[in-house]
Amino acid sequence: MHTPFRSSCEIAIEVADLDRAEAFYTSAFGFRLVARTDEYLEFDTGVLRLFVKPAPVPLAAVVPSFDVADAAAARSRLEAAGCTVERVSPDGRGFYVRDPFGLTYDIIERT
């Protein structure tokens, strides 16, 4: 079964200190904060949406995001192709995957 992946206008980064990141991205870059939870900050940066997520040890510098219709099928396909799942969202509709070349991607099921 074909599982199409479509790039989104979102990228994610991970930082050790969410409060410091909020202060930096709103003051240094002037990005508009559009959402804040314990799990992420969401900034409107223009063309891209920037998600800043807390992580004591970040997985990657920048994480491109891809939308899929079926997260489980996408995960199976990527694992069969040699990818390693790094993290899974609590609802199972999103995950970080590391490809065989060491790059990390955010895969999100959009309905």
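The values are calculated or read from the model by the stated rules, or taken from the named source; none is laboratory data. Given the structure is predicted, the values throughout are model-derived calculations rather than measurements. Ideal geometry is used to build each Cβ from the backbone, glycine not excepted, and the neighbour counts take in all protein chains shown. Side chains included, ligands, DNA and RNA excluded: accessible areas come from the protein's heavy atoms. Shrake-Rupley method; radii C 1.70, N 1.55, O 1.52, S 1.80 Å.
In table form, for the structure just shown:
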{"item": "Counted residues, the range 51-66 - those being under 11 Å from the mean Cα position of the chain (by Cα) and either part of a strand (DSSP E or B) or at pLDDT 90 or above (or both)", "result": "7"}
{"item": "Subset of the range 23-44 that is open to solvent by less than 50 Å² (accessible area, probe 1.4 Å) and either part of a loop (DSSP other than H, G, I, E, B) or of a type in the set (Phe, Trp, Tyr) (or both) - its residue that is modelled with the highest pLDDT", "result": "Phe43"}
{"item": "Condition met for Phe101 (farther than 24 Å from Phe31 by Cα, touching an Asp or Glu at 6+ places or on another chain (Cβ under 8 Å) and of a type in the set (Phe, Trp, Tyr))", "result": "no"}
{"item": "Residues (in a helix (DSSP H, G or I) and either without any contact (Cβ under 8 Å) to a residue 12 or more places away in the chain or of a type in the set (Lys, Arg) (or both)) located in the range 5-22", "result": "Asp19, Arg20"}
{"item": "The range 12-22, residues that are among the aliphatic types (A, V, I, L, M) and open to solvent by 50 Å² or more (accessible area, probe 1.4 Å)", "result": "Ala16"}
{"item": "Qualifying residue in the range 80-88 (condition: surrounded by fewer than 17 Cβ atoms within 10 Å (Cβ to Cβ), part of a loop (DSSP other than H, G, I, E, B) and of a type in the set (S, T, N, Q))", "result": "no"}
